[in-house]
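Below you'll find the structure, written out as structure tokens, and then a few comments.
The values are calculated or read from the model by the stated rules, or taken from the named source; none is laboratory data. In this text the structure is predicted, and so the values were computed from the model without any measurement. So basically every Cβ, Gly included, is an ideal-geometry build from the backbone, and we count neighbours across all protein chains shown. For the accessible areas, the whole protein counts, side chains as well, though only heavy atoms, and no ligand, DNA or RNA atoms are used. Shrake-Rupley method; radii C 1.70, N 1.55, O 1.52, S 1.80 Å.
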Amino acid sequence: MAAVIAVEQIRLNYQSILGRLDSACRAAGRDAGQVRLLVVTKTHPIEAVQAVGAAGAHHIGESYVDEALPKIEALQAEGFEWHMIGHVQSRKSAAVAGSFDWLHSLDSLKLARRLSRACQEAGRSLKVLFECNISGESSKSGFPVWDSAGAGRLVEDLEQILSLPGLIPMGLMTIPPLSDEPEQSRPYFRRLRELRDDLSKRFPAACWSELSMGMSGDFEIAVQEGATWVRVGTAIMGPRVG
Ligand SMILES: *Cc1c(COP(=O)(O)O)cnc(C)c1O
């Protein structure tokens with residue numbers, strides 16, 4: 001069944017979120033250009049992605065490799081930058097290396113090695129953020145950094161990952177526990193920023209500029225805590241389909 005795409009609604013939502021992002025930056029004393037909007041289009045059809053592109057979006061986020069590949073293929077002419085934000089199984093490394101520009105959810109040394117090899121084979125490079133599980137929720141992927149032992153293991157893994165060819169480390173990403181109260185996310189965002197500050201001292205040769213944090217419900221809090229990417233799906237695209 002063909003879905004009716006609310007092109008005009010998507011445009012209005014996109015404009016509205018840009019406006020809120022701008023206000024949040026101003027209120028936090030940050031330049032609007034310091035925080036980029038990643039539009040998350042998972043479960044939404046190609047026509048809806050096209051609609052948000054027509055509204056001005058350039059960075060598109062997807063969570064599932066198999067769902068994303070046909071969209072990337074169909075929308076080549078749009079010139080989008082594609083961001084993978086969901087957990088990647090190692091066997092999907094070649095597909096990610098071949099089609100995506102960014103990976104926000106690099107969550108293991110094993111995956112990093114596989115992606116590095118795939119990038120070299122494809123003659124491409126991939127910008128990566130290290131996903132951090134700060135809350136300790138077992139449902140979440142990410143490097144387990146909720147205690148100091150876990151943070152120590154991340155440092156050990158980074159000693160190997162940072163020298164892998166084909167991967168361009170850019171920073172950190174996190175997903176706080178689901179909550180109706182945006183303020184609940186703040187400690188997780190703050191912890192991610194502190195962790196980034198620690199890592200940038202420990203590994204000063206690498207780039208640590210990016211903090212990917214904040215979604216539809218809490219992106220304004222994330223901006224206050226230093227986000228450079230906010231990942232917004234529902235508030236722009238509408239409820240997830242299917
Ligand atoms: C789906 C998803 C988002 C977008 O969530 P919304 O609440 O719809 O804005 C952001 N980040 C990740 C990792 C996601 O999987």
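Just the accessible area for residue 117, please: 1.4 Å probe, Å², rounded to the nearest 10?
Rounded to the nearest 10, that gives 130 Å².
Counting pairwise Cα distances across the stretch 109-160, what percent come out greater than 14 angstrom? Before the final figure, lay out the partial values.
Values: 777 of 1326 pairs.
The calculated P(r) of the stretch 109-160 puts 59 percent of pairs beyond 14 Å.
How big is the shadow of the Cα convex hull of the stretch 158-214, averaged over all directions, in nm²? Before the final figure, lay out the partial values.
Details: hull surface 17.3 nm².
Computed as one quarter of the Cα hull surface, the answer is 4.3 nm².
Sort 202, 190 by heavy-atom solvent-accessible area, probe 1.4 angstrom, most to least.
202, 190
Taking residue 42 as the anchor, which aspartates and glutamates have their alpha carbon closer than 17 Å to its alpha carbon, excluding any fewer than eight residues away along the same chain?
Partners found: 62, 66, 67, 73, 81, 101.
In what sequence, highest mean first, do 28-37, 153-162, 43-52 appear when ranked by Cβ atoms within 10 angstrom? Write out the running numbers ahead of the final one.
Values: 28-37: 13.8, 153-162: 15.3, 43-52: 19.6.
Highest-to-lowest ranking by the protection proxy: 43-52, 153-162, 28-37.
For residue 201, which lysines qualify as cross-link partners when the Cα separation must be under 29 Å and same-chain residues fewer than eight apart are set aside?
110, 127, 140
When ranked by the protection proxy of mean other Cβ atoms within 10 Å per residue, highest first, what sequence do the peptides 205-216, 62-73 form? Display every interim value, and only then the final one.
Details: 205-216: 19.9, 62-73: 17.3.
Packing proxy ranking, top to bottom: 205-216, 62-73.
For residue 133, enumerate residues with amide H under 5 Å from its amide H, sequence gap 5+ or separate chain, H modeled in the peptide plane.
Counting only residues 5 or more places away or on other chains, the set is 143, 145.
Rounded, prolate or oblate: pick one for the stretch 26-116, where a ≥ b ≥ c are the square roots of the eigenvalues of its C-alpha gyration tensor, a/c under 1.5 means rounded, and failing that, prolate if a/b is larger than b/c, else oblate. Please report the intermediate quantities before stating the final value.
Details: a/c = 2.36, a/b = 1.25, b/c = 1.89.
Since a/c reaches 1.5 but b/c is at least a/b, the shape of the stretch 26-116 is classed as oblate.
Which residues does the label zone of residue 81 cover in the stretch 91-135, counting backbone N under 17 Å from a point 7 Å along Cα→Cβ?
Only 97-106, 124-130 fall inside the zone, counting backbone N under 17 Å.
Would you mind telling me the share, in percent, of accessible area of the chain contributed by carbon and sulfur at probe 1.4 angstrom? Before the final figure, lay out each step's value.
On the way: 5580 of 11160 Å².
Percent of accessible area from carbon and sulfur atoms in the chain: 50.
State in Å² the accessible area per residue of the stretch 113-242; use a 1.4 Å probe, count heavy atoms of protein chains only, and round to the nearest integer.
46 Å²
For residue 156 and residue 26, compute 0.36 nm times the residue count separating them, minus their Cα-Cα distance, and round to one decimal in nm. Present the calculation step by step, with values, prior to reporting the outcome.
Values: separation 130, 0.36 × 130 = 46.80 nm, distance 3.79 nm.
Net length gain for the segment: 43.0 nm.
Given q = 0.07, 0.12, 0.14, 0.15 Å⁻¹, what are the Debye log10 I(q)/I(0) values for the chain, with equal point scatterers placed on the Cα positions and solvent ignored?
Cα-only, vacuum Debye calculation for the chain: -0.22, -0.66, -0.91, -1.05.
Quick one: length gained pulling residue 194 to residue 141 fully straight, 0.36 nm per residue minus the C-alpha distance?
Numbers: separation 53, 0.36 × 53 = 19.08 nm, distance 1.97 nm.
Fully extending the segment from residue 194 to residue 141 adds 17.1 nm.
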